[in-house]
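A short worksheet on the structure shown next.
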Amino acid sequence: MVDVVFAGGRVVDVRTRTSAIANVAVEHGKIVDVSAHELPARRVVDASGLVVAPGFIDVHSHLDGHPYAGRLSVLQGITTTVGGNCGLSPLDFEQWFAGQERTGYILNQAELVGHTFSLRQAVGLTDTAARAGTSQILAMARIAEQALKAGAAGISLGLDYAPGSSLAEIEAMAALAAEYGRNLPVHTRLFTQNDLYSLYEVLAAAKHSGGRLLLSHFVYQYSGFGTLRPALDVVDNARAQGLDVWIDSGMYTDWATYAGTATFDEQTIKDNSLRFGDMVAATGKYTGTRLNRELYELLHYKYPDESIICYSGEPCEIYETLQKPYAMMSTDAAGYAPGEGHPQIAGSYPRFFRKLVREERLLSLEEAVYRCTLLPAETYRLSSKGVLEQGFDADLVLFDRGTIRDNAKMPDKGEPDAPPDGIPYVMVGGVFAVDGGVFQNTRSGRVIRFGKH
Ligand SMILES: [Zn+2]
């Protein structure tokens, strides 16, 4: 007798991008059978009318163990998250992994070590405009190497946040990640509008290192300035030349970040022609309020840790990006208090299926599932995830393709953390994290330590 059988659902084979009605059996945290067999089970879930897919793998988040963000993530079908992005991460990975293992977490977590905030600050580079000296680069590399040895998923960069970062720093981080066979996700810098230099510098580093480059939240970086199509052309060309480069994107063009970062410096705002009226406070007592100069100055200078959303871009830019065969879904989700934040924390994946599959019909259901599962699993070399086959981890999501929808709204228009409809079951490691649409705080997620078995 197996633990659970999901009976009669439309099971997606992400390898062939096909689907068929079948039963999926789960035992001891693993998938033990996918077939027409009717195995006896302790619990049978009637999956008729539902899509049965591998759990979504979110390659770009800032969950970093945050409980409320973890809850919102599994409610949208995510079973594995990669945290520590954009250069912001823990530094002591032995300690961090041990802490997460002790408490358990809602979903599986891989974690990157972050260059731009974390490593730079650890070696005394508090000035974001300063470039690292040779000894500081060596010191950053030493800390990063410890993290990689402890099982970090790679080294993340958030170059936008430290304009002083030099090519030597980028090259050193790229070389180290490549040496360990780990990824280099980069939130590129944005000097000015119509800027493609930000791509060339990281592509050059990837070419020299030979490692895998993941361009983070691509739409946030290049939408709205007439730059998106030329930026995609640059990536197409780099791939045609054999570079190991991939991109991720969420379902929004309107990006969020901390009010005090270099992104919201007066000069950056001027260079990028950002307008205060296109910005809205996403956290704190001004949540949902559109900015003016006065509120901008208050948040940027007095409340640097609050988040601001910047309205930007067009939805067609998301569609164009996510149709690229090397593009995978991500959220850029972070930990916020209830009622605050950006709708990406609760709505990204349901919005992807609603818009690209059901409404715009730009991707088939099976191709869309692939972009959320096997493609990210392969990109991060997660060999036991992303596929529904015997022997794989029992991370699953069941959803109704006809009703799946995001309910989260921008904070000036509604609740940014409203959970979606149409996702009744999510299983993490063989345990229900969402059951009948209700969150279960079962904390069955595991930390994923690379290079450790
Ligand atoms: Zn970022």
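Bear in mind that the values in this text are calculations on the coordinates, not laboratory data. A quick note: this is a predicted structure, and the numbers were derived from the prediction, not measured. In this analysis, Cβ positions are derived from the backbone assuming ideal geometry, glycine residues included, and neighbour counts consider all displayed protein chains.
How big is segment 149-262 by Rg and Dmax over its Cα atoms, in Å?
For segment 149-262, the Cα radius of gyration and maximum Cα-Cα distance read 13.7, 42 Å.
Could you pull out every one of the lysines with an alpha carbon less than 30 Å from that of LYS324, ignoring same-chain neighbours closer than 8 positions?
The qualifying lysines are LYS207, LYS355, LYS385, LYS409.
Distance in nm between label sites at ALA175 and ARG401, each 7 Å beyond Cα in the beta-carbon direction?
Reported label-point gap for ALA175 and ARG401 is 4.9 nm.
Find the relative contact order for the chain and round it to a whole percent, using C-alpha pairs within less than 8 Å whose residues are 6+ positions apart.
It rounds to 21 percent for the chain.
Between ASN441 and ALA204, what length comes free when the chain is fully extended (0.36 nm per residue of separation minus the Cα-Cα distance, one decimal in nm)?
80.9 nm is the gain from fully extending ASN441 to ALA204.
About the Cα centre of the chain, how large is the charge dipole given +1 on each Lys and Arg Cβ and -1 on each Asp and Glu Cβ? Please answer in debye to the nearest 20.
420
Please list, short to long, the whole-number percent of alpha-carbon pairs of segment 64-203 in consecutive 10 angstrom bins beginning at zero.
Going out from 0 Å in 10 Å bins, segment 64-203 shows 12, 41, 31, 15, 1 percent.
Given R₀ = 35 Å, what would the calculated FRET efficiency be for ASP278 paired with THR16, taking r from the Cβ atoms and rounding to 0.05?
After rounding to 0.05, the efficiency reads 0.20.
Seen from all sides and averaged, what is the projected area of the convex hull of the Cα atoms in segment 56-383, in nm²?
15.3
Run the helix sum for the chain: -39,500 (n - 2.57) per DSSP H stretch of 4+ residues, divided by residue count, reported at 222 nm to the nearest 500 deg cm²/dmol.
-8000 deg cm²/dmol
So how far apart, in nm, are the two label points at ASP412 and LYS149 if each is 7 Å from Cα heading toward Cβ?
5.0
Let me check the size of segment 269-326 from its C-alpha atoms; what are the radius of gyration and Dmax in Å?
Considering segment 269-326 through its Cα atoms, Rg and Dmax are 14.4, 44 Å.
Binning every alpha carbon pair distance of segment 63-119 at 10 Å from zero, what are the percents per bin?
25, 52, 23, 0
Debye calculation, C-alpha points only, no solvent: report log10 I(q)/I(0) for segment 265-382 at q = 0.13, 0.14, 0.16, 0.22 Å⁻¹, in the same order as the q values.
Scattering profile of segment 265-382, log10 relative to I(0): -0.67, -0.76, -0.90, -1.17.
To check my understanding: the extent here is largest minus smallest coordinate of the Cα atoms along each principal axis. What are those three numbers for segment 1-137, in Å, largest first?
64, 33, 24
Loop-only check: which trypsin sites (Lys or Arg not before Pro) in segment 348-394 are DSSP coil with at most 11 other Cβ within 10 angstrom?
In loop regions of segment 348-394 (DSSP not H, G, I, E or B), the sparsely surrounded trypsin sites (Lys or Arg not before Pro) are ARG361.
FRET efficiency for LEU39 and SER383, Cβ-Cβ distance as r, R0 = 30 Å, nearest 0.05?
0.75
With a cut-off of at most 14 other beta carbons within 10 Å, and DSSP calling the residue loop, which trypsin sites (Lys or Arg not before Pro) in segment 397-453 qualify? Please list them.
Those satisfying the criteria are LYS413, LYS452.
Around GLY49, with a cut-off of 13 angstrom between Cβ atoms, what is the net charge of the other residues, counting Lys and Arg +1 and Asp and Glu -1?
Once all neighbours under 13 Å are counted, the net charge is 0.
Using only Cα atoms, locate the centre of segment 242-277 and the centre of segment 371-435, then give the distance between them in Å, rounded to an integer.
26
What stretch of the chain, leaving out the sites themselves, is the longest with no GluC sites (Glu not before Pro) in a DSSP loop having at most 14 other Cβ atoms within 10 Å?
Between the exposed loop sites, the longest stretch runs 39-359.
Hull surface divided by four, with the convex hull built on the Cα atoms of segment 176-234: how many nm²?
Computed as one quarter of the Cα hull surface, the answer is 3.8 nm².
What Kirkwood radius, in Å to one decimal, follows from the Cα pairs of segment 366-438?
With all distinct Cα pairs of segment 366-438 included, I get 13.9 Å.
Please work out the ratio of the alpha-carbon Rg of segment 44-87 to 2.2 N^0.38 Å and round it to two decimals.
Here the answer is 1.41, to two decimals.
When DSSP beta bridges are limited to those with both residues in the chain, what percentage is antiparallel, rounded to the nearest 5?
55
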